[in-house]
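The values are calculated or read from the model by the stated rules, or taken from the named source; none is laboratory data. Here the structure is a predicted model, which is why all the values come from computation and not from measurement. Glycine gets a Cβ as well: all are built from the backbone with ideal geometry, and neighbour counts include every protein chain shown.
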Amino acid sequence: MKEYSIAKNDSGQRLNKFLEKAVPRLGGGQMHKYLRLKRIKVNGKRAEASLRLSEGDLVQLYLNDAYFSPVREDEAFRLISSPKLTVIYEDANILLADKAPGMVVHADESGDADTLIAHIQAYLVQTGAWDPADAASFSPALCNRIDRNTGGIVVAAKTAEALRILNEKIKAHELIKKYLLIVHGAPTPPSGQIENFLRRDEKRKQVTLHSARVPGSKTAITRYRTLAKNGGLSLVECELLTGRTHQIRAHMASIGCPLLGDGKYGSNEQNRPYHEKGQALYAYSLTFRFGDGAGALSYLNGKTFRVKDIPFVRKYFPGFQLS
């Protein structure tokens, strides 16, 4: 028997949603079966899948140990019966997904198997685009990644050739990525470029900026322009000329305009009135601007793909239209 004590962060959600995350090997059909058989209980009593959990509740699972073994990332897609995926574009070679804030792209140190790549692979299996039973089959893979709390466009390669080409093009900076963000204050000047050296602190999971190169630092360049203002907030578009960890967050904070909702590089006091749980940052635009050697992906050259509806833009800048 395994028992989970419901903490504050897990309270308020349905029992079935909690079980999907806590026991990913337990499929939906098995879950309902074991609820009927009283092998899943809450506070020692029979429970329905729709039960809303409260802080302090005890979820008791009388299940085989195999259900609690860690899920390997390369098999996580098998546990997803209904992929949660917003597809912006898809063809025989690539898939562009709009990742929701809060979802991880790959399994992290928490061991969370509910990842974007797992949902993409499950979707491709169910649409017949990928057959993992083929021993020689290429496993669809992500070409870029964005942070858990950042939403936006992620590129997946459906073939080995597409993955090779895209990795080369990303390294050559031939994929142009633009972000929308909301910051406190107003950038001065309204448009400009921030360039310095960024160093990552692995222990603190944070970066520092330096005017001169220091050991372990890398060049970081961000181009920005202010699109709109509303009270003490500004809507800004950023283009990454380099793709460093936390680059936009650190750069905007360095000019006195930290991102709305960013507690790491911003101020909790500034963020508190807005009740935002994560930074207002979205990878909303992707342009393929290839030089030579695009090969099988040359048809993508010059094409731009955008996310049209971004919740925080709609909330704080309701009259603003994304072009």
- Message: Looking at region 178-200 only, could you name the residues that are more than 17 Å from LEU281 (Cβ to Cβ) and either outside any strand (DSSP E or B) or more than 21 Å from the chain's Cα centre (by Cα) (or both)?
- Response: ALA186, THR188, PRO189, PRO190, SER191, GLY192, GLN193, GLU195, ASN196, PHE197, ARG199
- Message: Give all pairs with beta carbons closer than 7 Å in which a residue from region 282-303 that is in contact (Cβ under 8 Å) with a residue 24 or more places away in the chain meets a residue that is in a strand (DSSP E or B) and among the aromatic types (Phe, Trp, Tyr); count only pairs at least 6 apart in sequence or on separate chains.
- Response: TYR282/TYR179; ALA283/TYR179; TYR284/TYR179; LEU286/PHE305; LEU300/PHE288
- Item | Residue pairs meeting the criteria (Cβ under 6 Å; at least 6 apart or on separate chains; first at positive phi, in region 242-258; second outside any loop (DSSP other than H, G, I, E, B) and at pLDDT 95 or above) | HIS246/VAL207
- In region 14-53, what residues are part of a loop (DSSP other than H, G, I, E, B), over 15 Å from GLU3 (Cα atoms) and at pLDDT 90 or above? LEU37, GLU48, ALA49, SER50, LEU51
- Note on the structure: Those residues of region 274-297 that are closer than 14 Å to LYS315 by Cβ and exposed (fewer than 15 other Cβ atoms within 10 Å of the Cβ) come to a total of 2
- Note on the structure: Given the conditions (1) β-branched (Val, Ile, Thr); (2) modelled with pLDDT of 75 or more; (3) not in a helix (DSSP H, G or I), every one holds for VAL71 apart from (2)
- Item | Failed condition for ARG225, given (1) of a type in the set (D, E, K, R); (2) within 22 Å of the chain's Cα centre (by Cα); (3) outside any loop (DSSP other than H, G, I, E, B) | (2)
- What number of residues in region 285-302 are in a loop (DSSP other than H, G, I, E, B) and in contact with a Lys or Arg (Cβ under 8 Å, 6 or more places away or on another chain)? 4
- So which residues in region 218-234 are of a type outside the set (S, T, N, Q) and surrounded by 21 or more Cβ atoms within 10 Å (Cβ to Cβ), if there are any at all? ALA220, TYR224
- Collect the residues in region 1-52 that are surrounded by 11 or more Cβ atoms within 10 Å (Cβ to Cβ), more than 26 Å from the chain's Cα centre (by Cα) and of a type in the set (A, V, I, L, M), keeping them in residue-number order. MET31, LEU35, ILE40, VAL42, ALA47, ALA49, LEU51
- Message: On the basis of being in the same structural domain as PHE288 (by TED's automatic domain parsing) and touching a helix residue (DSSP H, G or I) at 6+ places or on another chain (Cβ under 9 Å), does ILE120 make the cut?
- Response: no
